[in-house]
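The structure appears right after this line, and notes come after that.
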Amino acid sequence: MPRHGGNKDKNEDLKKLELTLRNIHKNEQFLAENAGELTPHQLKDVKAHLSSKIKHLEETDGTIK
């Protein structure tokens, strides 16, 4: 067992949260740039997916840090 592995899970979770935030911002930027090219159904699906990710992040905020 490693000697200094106590915070490994916490650090990995924080990295996942940062990556998720970056992906959300990229997706929002993509939506802003390409909103005219997507169908209303596609826009609805992407926005629903983004809102669920944001809701999950808000729920887990403070539980890891």
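The values are calculated or read from the model by the stated rules, or taken from the named source; none is laboratory data. None of these values were measured; they are calculated from a predicted model. We place every Cβ from the backbone using ideal geometry, glycine too, and count neighbours over all the protein chains shown. In case anyone asks, the SASA skips ligands and DNA or RNA and just uses the protein heavy atoms, side chains included. Shrake-Rupley method; radii C 1.70, N 1.55, O 1.52, S 1.80 Å.
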*asked:* Just to be sure I understand, how many residues within the stretch 5-35 are open to solvent by less than 80 Å² (accessible area, probe 1.4 Å) and part of a loop (DSSP other than H, G, I, E, B)?
replied: 3
*asked:* Report every pair of residues separated by at least 6 positions or lying on different chains whose Cβ atoms are under 7 Å apart, first residue within the stretch 36-59 and closer than 14 Å to residue 24 by Cα and in contact (Cβ under 8 Å) with a residue 40 or more places away in the chain, second of a type in the set (Ser, Thr, Tyr) and in a helix (DSSP H, G or I).
replied: 57/20
*Taking interchain pairs and intrachain pairs at least six residues apart, which have beta carbon atoms under 7 angstrom, with the first residue in the stretch 5-29 and more than 17 Å from residue 61 (Cβ to Cβ) and the second open to solvent by less than 70 Å² (accessible area, probe 1.4 Å)?*
27/46; 27/50; 28/50
*In the stretch 36-48, how many are open to solvent by 100 Å² or more (accessible area, probe 1.4 Å) and not in a loop (DSSP other than H, G, I, E, B)?*
4
